[in-house]
Amino acid sequence: MRVGIVKMGAIGSAILLEYCLDEIARRKDLETRVISSGSKIKKEVLKEVGECDLLIIACPNVSYNLKPDELEFPFKTVVVSDNASKEWLESVKCGYIIVKADSMIGARREFLDPTEMALFNSDVLRVLAVTGVIRLIQTEIDRALKEDYVPKLVVDGLKAVEFGGFSNPYAKAKALASYYIAEKVGEITSRACFVERDFERFTLLCATAHEMMRIAGILADSAREIEKGNDTVLRTPHSKDGEILRKVGLFDRL
């Protein structure tokens, strides 16, 4: 099976997307090709897409950046994004996974540099991984490859933690709190980037949002530490033929 991945702009879900499908590079049933336009959103890269069994397009605020008719390909297509309007979701023909907690970064030149960008995204990745979003994407993409199916999901906190595999209710509560805080970050960074014009106000809001994402990452880490302490961390690696395996105890064999 051939999977094409197009990355337009930056969202946390896209950073390790291709690696989530073949985490130890042992799958024999899967080949991936990644095309990226970097931090800019350039629709021209869609013209570079070749024949594949499944196309995944990762793009922020997809209903603003990509019209439904620009996503009509002769093969299965799934969009991964942080935000989409109700009208876009109702009109688009392809599949989608919209992750609310994959919030926009504080993209103001006076605040954001490569170091801050890396730190923010490391926190986003921790939130997405621990709460269950990464496993949800893994599971849904695997299903789309093997069945006559494409996901149509808007992922809120409760949906995410269904895939988190938590056995301890306090760990699950911490993960859910992590998700909700991360989700709120986008409202603040959007205001900072697109509404506020006063330098001190938009800089303060950017810093506030990044501090919130840091706390969300700490909560996610705390949730995982509880599961580690109980030896109940769920692991779902791929087999060589692409089957999703499952284990809980650290020394359980597959």
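Every read-out reported here was derived from the displayed coordinates using simple, explicitly stated rules and does not represent laboratory data. In this text, all values refer to a predicted model and were calculated from it rather than measured experimentally. Backbone-built Cβ (ideal geometry, glycine too); neighbour counts: all protein chains shown.
Report relative contact order for the range 1-79 in percent, whole number only (criteria: Cα-Cα under 8 Å, sequence separation at least 6).
43 percent
Counting alpha carbon pairs within less than 8 Å and at least 6 residues apart, what relative contact order, in whole percent, applies to the chain?
19 percent
Read phi for every residue in the range 184-192 and hand back ³J(HN,Hα) as whole Hz from Karplus 6.51 cos²θ - 1.76 cosθ + 1.60, θ = phi - 60°, with x for Gly and Pro.
Using θ = phi - 60°, the values come out as 5, 4, x, 4, 6, 5, 4, 4, 5 Hz.
If the elastic network links every pair of Cα atoms under 10 Å, which of GLU225, GLU31, GLU48 fluctuates the most in the Gaussian network model of the chain?
GLU48
Which one of VAL79, LEU250, ALA220 has its Cα pushed farthest toward the positive end of the charge dipole of the chain, where Lys and Arg give +1 and Asp and Glu give -1 at the Cβ?
The listed residue farthest towards the positive side: LEU250.
Please identify, among VAL45, VAL79, VAL62, the residue showing maximal mean-square fluctuation in a Gaussian network model of the chain using a 10 angstrom Cα cutoff.
Checking each option, the largest mean-square fluctuation is seen for VAL45.
Are any of the pairs LYS7/LYS76; LYS93/LYS174; LYS47/LYS67; LYS146/LYS174; LYS7/LYS146; LYS47/LYS159 more than 26 Å apart by Cα-Cα distance, and if so, which? The partial results should precede the final answer.
Working: LYS7/LYS76 17 Å; LYS93/LYS174 36 Å; LYS47/LYS67 15 Å; LYS146/LYS174 33 Å; LYS7/LYS146 23 Å; LYS47/LYS159 34 Å.
In this structure, LYS93/LYS174; LYS146/LYS174; LYS47/LYS159 lie more than 26 Å apart at Cα.
State, as an integer percentage, the relative contact order of the range 79-230 based on alpha-carbon contacts under 8 Å between residues 6 or more apart.
Values: 225 pairs, mean separation 47.5, N = 152.
After rounding, I find 31 percent.
Of the listed peptides 97-106, 193-202, 245-254, what is their order by residue-averaged count of other C-beta atoms within 10 Å, with the highest listed first?
Ranking, from highest mean packing down: 97-106, 193-202, 245-254.
For each of LYS7, LYS28, count neighbouring Cβ atoms within 10 Å of the residue's Cβ, then give the residues from fewest to most.
LYS28, LYS7
Name all residues of the range 149-172 having a backbone nitrogen under 17 Å from the label point set 7 Å from the Cα of ASP231 along its Cα→Cβ direction, giving them as ranges.
Under cut-off, by backbone N: 167-168.
Report the extension gain between LYS184 and GLU196 in nm, rounded to one decimal, defined as 0.36 nm multiplied by the number of residues separating them, less their alpha carbon distance.
Residue separation times 0.36 nm, minus the Cα-Cα distance, leaves 2.6 nm.
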